[in-house]
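No lab work stands behind these numbers, since they all come straight from the coordinates. Note that the structure is a prediction, hence the values are computed from the model and not measured. Methodologically, a virtual Cβ is constructed for each residue, glycine included, from the backbone with ideal geometry; neighbour enumeration extends over all protein chains shown.
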Amino acid sequence: MPRIDVAIAQEIEADLSEKIRSQTATPGSEAALRRMIAWHTSGNPDYTQMSPELAKLVEQQLPRTTVLFKELGALKSADFKGVGNQGWDIYDLTFENGRAVYRIALSSDGIITGAMMQTGP
């Protein structure tokens, strides 16, 4: 991997620290997670709105996640809970048939770079 300039690295670190300190959702993160859920439920993701790395993982996991989201049923609510220590936005999700915690990360241009869900009570 190419190295980045020290000043750029410090700026990135400062931005991350401020995001974590402020506990403010990234603009568009809730809409992005709702799109991800719709894509998984339909089995037809829009890979152009994801980073190449995430798109590859979503494609590999799609058979399982489509079944999971259909079992969970319709999304009833998505409540922002905060920002994790890696800068990902954290949402509590309530579905017709279950609950989950969803973490999502977006790039500055709105591309979904990370998404992770944990189901449970």
Segment 67-75 - phi-based ³J(HN,Hα) in whole Hz, Karplus 6.51/-1.76/1.60, Gly and Pro as x: 5, 4, 5, 5, 5, 5, x, 5, 6
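Quick one: divide the alpha-carbon radius of gyration of the chain by 2.2 N^0.38 Å and tell me what you get.
On the way: Rg = 15.4 Å, N = 121, 2.2 N^0.38 = 13.6 Å.
Computed over Cα atoms of the chain, the ratio equals 1.13.
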HN-Hα J in Hz across segment 16-33 - Karplus 6.51, -1.76, 1.60, θ = phi - 60°, x for Gly and Pro: 5, 4, 5, 4, 5, 4, 6, 6, 10, 5, 5, x, x, 5, 5, 4, 5, 5
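222 nm [θ] for the chain, helices only, -39500 (n - 2.57) per DSSP H run of 4+, per residue, to 500? Could the numbers behind the result be given before it?
Values: 3 runs with 52 residues, N = 121.
Here the helix-only value at 222 nm equals -14500 deg cm²/dmol.
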Per-q log10 I(q)/I(0), segment 3-48, q = 0.16 Å⁻¹ (Debye; single scatterer per alpha-carbon; no solvent): -0.67
13 Å beta-carbon shell around Glu11, net charge (K/R +1, D/E -1): -3
Shape parameters for segment 50-114, alpha-carbon atoms, Rg then Dmax in Å: 13.0, 34
For segment 53-62, 3J(HN,Hα) per residue [Karplus equation, 6.51 cos²θ - 1.76 cosθ + 1.60, θ = phi - 60°, Hz, x = Gly/Pro]: 5, 5, 4, 5, 5, 4, 4, 5, 8, 3
Separation of alpha-carbon centers, segment 52-121 and segment 6-21, rounded to whole Å: 25
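If you filter segment 1-76 for GluC sites (Glu not before Pro), then keep DSSP loop positions with at most 11 other Cβ within 10 Å, what is left?
Working: sites: Glu11, Glu13, Glu18, Glu30, Glu53, Glu59, Glu71; in loops: none.
Passing sites in segment 1-76 do not exist.
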